[in-house]
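Trainee: Before anything else, here's the structure in question.
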Amino acid sequence: MKDNVFKNSVTSMFVQLAVTAQGLVIPRIIITNFGSNINGLVASLTQFLNFFAIVEGGISGVVLAALYAPLAKKDNRKLSQVIITARGFLKKLGIIFVVYTMVLALIYPIVVNKYSHIFLAGLTVILSATMFMQYYFTLLPQLLIRADDKYYVCNIVQCLFILLNISAAIISVKIFPSIITLKLFSSIVYIIQPYILNKYIEKKYIIDNTVDLDTNLIKERWNGFGISLANLVTTNTDVIVITLFSTLSNVSVYTIYNQILFAVKGITNSISNGYQAQLGLTYAQNDSVKLNIIFSEYRFFVNYIATLFFSSCMELIVSFVMIYTSGVNDANYNQALFALLLCVSQLLICAREPYIQLTYCAGKFKETSKYAYLEASTNILISVFFVYKYGLVGVTIGTIVSILLRLFMTVIYINRRMNIEILCNMITEFIIMAVAVCCSVLVTSFLISLNPENFIQWFITGIKCFGINIICITIVFFPRYHSEIRNMLKKISKLLNGMVKTIAK
């Protein structure tokens with residue numbers, strides 16, 4: 001199991017590197033070839049289409065929680081029940097998505113009337129095709145593989161297809177420079193991915209298609225559905241509010257910054273990918289001692305890595321975006337305060353992830369769904385209220401407040417209802433993280449210049465910032481996490497020794 005944590009985490013990091021490359025290369029291609037408004041248009045449409053994740057209907061969390069026990073007990077009948085039931089959900093909800101896409105293709109051109117109806121409708125259908133393939137055919141095999149603590153298999157396949165998608169985008173813009181063609185190539189690339197994953201499932205697992213449906217899973221899906229919907233509203237609120245109440249150029253600015261931070265968040269969450277299955281399988285085995293050890297280690301790694309990466313982002317992201325968008329003058333990409341607040345919001349999302357995942361692994365969807373609803377509604381209300389006066393900063397304030405609200409409600413629930421004493425620990429941990437961030441940013445700003453003029457200078461500056469941040473954060477974390485830091489250093493040393501021996505051979 002420990003080996004799988006390592007494999008899952010490392011391959012997740014490779015995926016995030018690929019996602020980062022995709023998130024930088026493709027928007028740059030779109031901005032330089034088609035302009036910021038088209039980039040904002042694609043981002044806006046994608047966010048509206050992301051409501052297709054409703055197709056999951058809460059399936060991801062519910063199915064993962066339901067799969068842990070049969071996998072741990074090697075109960076093939078129960079495993080088959082969960083898979084067959086989930087498959088039925090996807091078939092029904094897939095029809096809903098097709099209808100939703102058709103409605104969006106008709107309504108969106110009315111909301112955004114700067115382009116022809118045919119162009120916007122066609123772009124909507126092509127973007128939806130890629131998402132349909134990802135969720136309808138790819139989701140279920142990914143969930144089974146993840147629950148079995150073999151997330152590295154999904155990661156390897158995903159990494160391959162991300163690289164293929166980048167290549168397809170570069171080739172398509174050279175052959176026929178059209179945003180429709182570029183996105184059509186992406187749709188074609190992703191057709192193959194579910195075929196590979198389903199072939200893996202056929203070889204590794206025995207699924208009996210004649211078993212009865214799991215009625216408990218049918219009941220629980222609505223709670224998972226509510227959480228999934230609320231999460232989608234929270235994730236997509238900013239872009240949708242900016243689309244409706246601001247400009248497409250501001251959507252482009254938001255998505256460029258958010259894409260970079262999304263990639264950084266993904267690297268941090270790669271640790272979560274390594275620990276989620278362990279947490280779920282241990283909870284299913286009812287081993288409270290081991291659960292507390294894993295949960296504590298999980299929190300430390302997430303907090304340390306998130307603090308390190310997002311401190312570095314606070315120092316470097318604006319200069320990166322300005323270099324990245326050099327020559328593009330149709331939008332104001334120099335947004336320092338917005339960038340700082342967006343970094344804070346993503347840091348908070350990463351830091352709260354272990355607590356959210358603990359409730360999911362325990363199957364507490366019904367009990368915690370109200371916190372997700374509260375987060376979504378708070379985000380919408382505050383974002384709409386502030387967007388008129390503060391623009392991009394306003395929607396980010398809404399995000400931060402709603403994230404903190406759900407975090408504290410979830411932690412209080414875990415403390416009271418799951419009998420795991422974490423509230424005081426969480427407050428202490430967040431104070432340590434805040435101190436570490438402030439120290440890192442202040443020391444780095446004092447020691448080096450944070451205004452590189454090209455990517456080479458930026459890269460050198462980034463190495464310096466990262467090194468200073470590691471020292472500052474480790475010093476601040478050490479009084480409380482000295483044993484965890486020592487264990488982390490031992491693991492890194494062991495990994496490096498292994499790599500050296502492998503190269504020597």
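The values are calculated or read from the model by the stated rules, or taken from the named source; none is laboratory data. Keep in mind that what you see is a predicted model, and the values were worked out from it rather than measured. Don't worry about glycine lacking a Cβ; one is built from the backbone with ideal geometry, like all the others, and counts go over all protein chains shown.
Trainee: Got a number for residues in region 334-351 being more than 19 Å from the chain's Cα centre (by Cα) and under 19 Å from residue 235 (Cβ atoms)?
Mentor: So the count comes out to 1.
Trainee: Quick one: which residue in 256, 293 is assigned to a helix (DSSP H, G or I), of a type outside the set (Lys, Arg) and modelled with pLDDT of 85 or more?
Mentor: 256
Trainee: Hey, another quick one. In region 347-395, which residue that is out of contact with any helix residue (DSSP H, G or I) (no Cβ under 6 Å at 6 or more places or on another chain) and hydroxyl-bearing (Ser, Thr, Tyr) is nearest to residue 409 (Cα to Cα)?
Mentor: 377
Trainee: Also: In region 121-173, which residue that is of a type in the set (D, E, K, R) and surrounded by 20 or more Cβ atoms within 10 Å (Cβ to Cβ) is nearest to the chain's Cα centre (by Cα)?
Mentor: 146
Trainee: Something else about it: Kindly indicate whether any position in region 125-137 is outside any helix (DSSP H, G or I) and among the aromatic types (Phe, Trp, Tyr).
Mentor: Within region 125-137 (the criterion being outside any helix (DSSP H, G or I) and among the aromatic types (Phe, Trp, Tyr)), the answer is no, since none of the residues qualifies.
Trainee: Here is a list: 315, 367. Which entry is under 30 Å from residue 465 (Cα atoms) and of a type in the set (Asp, Glu)?
Mentor: 315
Trainee: Right, another one. Under the condition of being of a type in the set (Ser, Thr, Tyr) and surrounded by 19 or more Cβ atoms within 10 Å (Cβ to Cβ), which residue from region 211-234 is modelled with the lowest pLDDT?
Mentor: Filtering region 211-234 for residues that are of a type in the set (Ser, Thr, Tyr) and surrounded by 19 or more Cβ atoms within 10 Å (Cβ to Cβ), the one modelled with the lowest pLDDT comes out as 228.
Trainee: Any chance region 26-33 includes a residue that's over 17 Å from residue 201 (Cβ atoms) and modelled with pLDDT under 80?
Mentor: No, that holds for no residue.
Trainee: Let me ask something else. Of the conditions (1) under 23 Å from residue 312 (Cα atoms); (2) aliphatic (A, V, I, L, M); (3) within 26 Å of the chain's Cα centre (by Cα), residue 447 clears all except one; give me its number.
Mentor: Only one criterion in (1) under 23 Å from residue 312 (Cα atoms); (2) aliphatic (A, V, I, L, M); (3) within 26 Å of the chain's Cα centre (by Cα) is unmet by residue 447, namely (3).
Trainee: How about region 158-181: which of its residues are closer than 19 Å to residue 41 by Cα and not in a helix (DSSP H, G or I)?
Mentor: Hits for region 158-181 are 177, 178.
Trainee: For region 93-107, check the following and say yes or no: at least one residue is free of Cβ contacts under 8 Å to residues at least 40 places away in the same chain, assigned to a helix (DSSP H, G or I) and within 30 Å of residue 68 (Cα to Cα).
Mentor: Yes; the residues of region 93-107 include at least one that is free of Cβ contacts under 8 Å to residues at least 40 places away in the same chain, assigned to a helix (DSSP H, G or I) and within 30 Å of residue 68 (Cα to Cα).
Trainee: Related question: With the condition kept exactly as written, say whether any residue in region 372-381 is buried (at least 21 other Cβ atoms within 10 Å of the Cβ), over 19 Å from residue 420 (Cα atoms), at pLDDT 85 or above and among the β-branched types (Val, Ile, Thr).
Mentor: Looking through region 372-381, none of the residues is buried (at least 21 other Cβ atoms within 10 Å of the Cβ), over 19 Å from residue 420 (Cα atoms), at pLDDT 85 or above and among the β-branched types (Val, Ile, Thr).
Trainee: Any idea which of 282, 307, 268 is under 29 Å from residue 484 (Cα atoms), under 15 Å from the mean Cα position of the chain (by Cα) and assigned to a helix (DSSP H, G or I)?
Mentor: Selected residue: 268, the only one of 282, 307, 268 that is under 29 Å from residue 484 (Cα atoms), under 15 Å from the mean Cα position of the chain (by Cα) and assigned to a helix (DSSP H, G or I).
Trainee: How about region 408-427: which of its residues are of a type in the set (Phe, Trp, Tyr) and touching a residue at least 40 places away in the same chain (Cβ under 8 Å)?
Mentor: Passing the criteria: only 413.
Trainee: Among the numbered criteria (1) among the hydrophobic types (A, V, I, L, M, F, W, C); (2) more than 21 Å from residue 305 (Cβ to Cβ); (3) surrounded by 15 or more Cβ atoms within 10 Å (Cβ to Cβ); (4) touching a residue at least 40 places away in the same chain (Cβ under 8 Å), which one does residue 455 miss?
Mentor: (3)
Trainee: Of these, 429, 421, which one is acidic (Asp, Glu), part of a helix (DSSP H, G or I) and either touching a helix residue (DSSP H, G or I) at 6+ places or on another chain (Cβ under 9 Å) or within 21 Å of residue 337 (Cα to Cα) (or both)?
Mentor: Of 429, 421, the one residue that is acidic (Asp, Glu), part of a helix (DSSP H, G or I) and either touching a helix residue (DSSP H, G or I) at 6+ places or on another chain (Cβ under 9 Å) or within 21 Å of residue 337 (Cα to Cα) (or both) is 429.
Trainee: Here are 414, 470: which of them is under 26 Å from the mean Cα position of the chain (by Cα), modelled with pLDDT of 90 or more, assigned to a helix (DSSP H, G or I) and over 17 Å from residue 343 (Cα atoms)?
Mentor: Selected residue: 470, the only one of 414, 470 that is under 26 Å from the mean Cα position of the chain (by Cα), modelled with pLDDT of 90 or more, assigned to a helix (DSSP H, G or I) and over 17 Å from residue 343 (Cα atoms).
Trainee: Go through the residues of region 312-327 one by one and say whether even a single one is surrounded by fewer than 20 Cβ atoms within 10 Å (Cβ to Cβ) and at pLDDT below 85.
Mentor: For region 312-327, residues surrounded by fewer than 20 Cβ atoms within 10 Å (Cβ to Cβ) and at pLDDT below 85: present.
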